[in-house]
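Working notes, structure below.
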Amino acid sequence: MGGLVALGFELVLGAGLFIIVSIIGLFFGNIIIFDSLALAIASGFVAHGLLHIHPALSIVIGLAVLVALYFLQNTKVGFWIIGGLLSLFWAFIFSFMAYDISGKDMVWTYVVFGLGILLMIGLHINAKRRNEE
């Protein structure tokens, strides 16, 4: 039972770090780096917490995810695929929050989802433009 509680705590901590790092990325303006970093942290926690991989190997997995995502997002096709999927992911998170906060109002949910996609695609394009300079 204690192991299950510890696993749950580790997953919650990982999810919390994922959200915090992603929010920091929004404020610093380079969403590509911070999305890659957040997914690397999440993958390390999942590798260790769910798959029971040794912590040292989980760190290596996280670093590999970081490098791979950053590299892929700096290619033309990879940018649109990964940036588009992450924009949809963030828009879904924003719309889920709007759904919950607004008392399950679907109009707010759809509006926030649409605006979230536009905002996140704009942030990804802006970060790509900065990386190319």
Worksheet, complete the sentence: Log entry, pairs with first residue in the stretch 108-133 being farther than 19 Å from MET97 by Cβ, second being surrounded by 15 or more Cβ atoms within 10 Å (Cβ to Cβ), beta carbons closer than 6 Å, six or more apart or on different chains, reads HIS124/ILE31; HIS124/GLY83; ALA127/ASN30; ALA127/ILE31; ALA127/ILE32; LYS128/PHE79
Item to complete: Pick out the one residue from SER36, SER22, SER43 that is in contact with a helix residue (DSSP H, G or I) (Cβ under 9 Å, 6 or more places away or on another chain), closer than 30 Å to LYS128 by Cβ and at pLDDT 90 or above.
Response: SER43
Fill in: Residues satisfying the stated conditions in the stretch 29-77, i.e. within 13 Å of the chain's Cα centre (by Cα) and among the β-branched types (Val, Ile, Thr)
ILE31, ILE32, ILE33, ILE41, VAL65
Discussion item. Looking at the structure I just gave you, is VAL67 loosely packed, with under 14 Cβ neighbours inside 10 Å and assigned by TED's automatic domain parsing to the domain that holds PHE18?
Written reply: yes
Worksheet item: Cβ-Cβ below 8 Å, separation at least six or inter-chain, first residue in the stretch 43-56 and within 12 Å of LEU11 (Cβ to Cβ) and without any contact (Cβ under 8 Å) to a residue 60 or more places away in the chain, second in a helix (DSSP H, G or I) and charged (D, E, K, R): which pairs?
Response: PHE45/GLU10; HIS48/GLU10; GLY49/GLU10
Practice prompt. Report the residue count in the stretch 46-70 for those that are under 22 Å from ASN131 (Cβ atoms) and touching a Ser or Thr at 6+ places or on another chain (Cβ under 9 Å).
Written response: 8
Worksheet entry | Failed item in (1) of a type outside the set (Lys, Arg); (2) more than 26 Å from VAL112 (Cβ to Cβ); (3) at pLDDT below 90, with LEU17 passing the rest | (2)
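The values are calculated or read from the model by the stated rules, or taken from the named source; none is laboratory data. Nothing here was measured: the structure is a model prediction, and the numbers come from that model. Don't worry about glycine lacking a Cβ; one is built from the backbone with ideal geometry, like all the others, and counts go over all protein chains shown.
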